[in-house]
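Take a look at the structure set out below.
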Amino acid sequence: MEKKTKTKQQLLFEIEELRGKPETTERRLKEVNEKLLGNIAERKPEEETSDKAKKHAESILGTIREPLVVLNEDLEVISANPSFYQTFKVTPEETEGQFIYSIGNHQWDIPALRELLEEIIPKNSHFDDFEVAHEFPTIGPKKMLLNARRIYQERRGTDMILLAIEDITERKKIEEALQASEIRYRRLLKQPKMGY
């Protein structure tokens, strides 16, 4: 094999070329760094807007008196409002990140509710005024009206379900007492009057 000898001029050219490479690499690194900083600067206002929107939504949920639960598409609890925690005697730590059916010692594992919730996202549907009577181990019997809606987050490309719960236990007791009273009153009116 014959070794090819380089001329002095070729060697000087190669040395200059090698000296230029770190400068080129450094210049390219600076360009990439500037692009990254530009992307970060663009995203920062978006993230701030997203954080503000999240805080705004949490403030709204916190002021609503009825219990509310936000579920992800897998029916895990993302968050709930203070009314939910107070009404059902559960904490955020034992609720968030859990399947709705698992929270509160499986007290929400209600077959009819399960069927309705599992149809919301695939069918892009909702339900209104679904009445549930359920015996909760910690708080006793409750009658509730449930409303649920699918919420699609465009920016994140995710689905959520907002589940609203209205406790109608007392209202139902009053209605039942009123009906019983009406029945007794009608019976009294139908009884023959005794003459004196």
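Nothing in this text is a laboratory measurement; each read-out follows from the coordinates by a stated rule. Treat the numbers as computed from the prediction; the structure is a model and nothing was measured. FYI the Cβ positions are ideal-geometry reconstructions off the backbone, even for glycines, and counts take in every protein chain you see.
Side notes on the structure shown:
- FRET efficiency, 1/(1 + (r/R0)^6) with R0 45 Å, evaluated for Lys35 and His126 via beta carbons: 0.55
- With a cut-off of 14 Å between beta carbons, the residues surrounding Glu118 carry a summed charge of -4, where Lys and Arg count +1 and Asp and Glu -1.
- Gyration tensor over alpha-carbon atoms, region 65-180, equivalent ellipsoid semi-axes in Å: 25, 17, 12
- Gain in span if fully extended, Arg186 to Asn105, counting 0.36 nm per residue against the direct Cα distance: 24.6 nm
- Environment charge at Pro67 (Cβ cut-off 12 Å; Lys +1, Arg +1, Asp -1, Glu -1): 0
- Relative contact order (percent, whole number), region 65-180, Cα cutoff 8 Å, 6+ residue spacing: 25
- Extension gain, Gln86-Arg28: 0.36 nm per intervening residue step, less the Cα-Cα distance, totals 15.1 nm.
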